[in-house]
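For reference, the structure is listed below as C-alpha cells.
Coordinate-derived values only; no laboratory data. Since we're looking at a predicted model, the values are computed, not measured. All Cβ positions, even for glycine, are placed from backbone atoms using ideal geometry, and neighbour counts span all protein chains on display.
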Amino acid sequence: MQKTLGDRNLLPDGVYYELGGLYQQQQIAFKGLSTVFGAAIALVFGLLLFLYERFRVATAVMAMPLLAAGAVFIGLWLTGIELNISAMMGMTMIIGIVTEVAIFYVSELQGLLRDEGMKFEEALIAAGRNRLRPIGRLP
C-alpha cells in the first residue's frame, strides 16, 4: 500500500496522506521498544564493565545476546513470521536469558580459575558442565 501511495503520479501536488489507526500504533510501539532495547544494551554493558572491570570480558558477555538476537531474526525469517510486537517481546526475553547465562558462566569460570587454580582450558570445560546442567529435579 505504501509503495502504491508513494508513486508521485498518483496524488496531485499539495495532497498528502497519513497512515493511522493500528499501523500508527504499531509504529509507535516499535519506536518505543527499539529505544528500550538500545538503552538496555548500553546499561547492561555499563553494568558488566562495573562488575568485571575489564572491557574484554564485558564485550565477550555482550556478544552472546547480540548473537541470540541475530538467531531470533533468522528464526523469524525461516518460519515466515514478520517482526511484530510479540516477536520483539520474545526476543527481549531471550536476550535477557542469554545474558544471564553468560554472566553466570563467566562468574563460574573466574571462580574456577581463581579458587581452584585450574588451567584455562580445563576451567572452560568445567564451567560449561556446571552451567549447562539441568537446574531442577525430575519427579
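Within the stretch 75-82, does at least one residue satisfy the condition of being surrounded by 11 or more Cβ atoms within 10 Å (Cβ to Cβ) and either under 12 Å from the mean Cα position of the chain (by Cα) or in contact (Cβ under 8 Å) with a residue 12 or more places away in the chain (or both)? Looking through the stretch 75-82, none of the residues is surrounded by 11 or more Cβ atoms within 10 Å (Cβ to Cβ) and either under 12 Å from the mean Cα position of the chain (by Cα) or in contact (Cβ under 8 Å) with a residue 12 or more places away in the chain (or both). Residue check: Val72 meets all listed conditions (1) farther than 30 Å from Ser34 by Cα; (2) hydrophobic (A, V, I, L, M, F, W, C); (3) assigned to a helix (DSSP H, G or I) but one, namely (1).
The single residue among Thr79, Thr35, Thr4, Thr59 that is within 30 Å of Arg114 (Cβ to Cβ) and among the β-branched types (Val, Ile, Thr) turns out to be Thr59.
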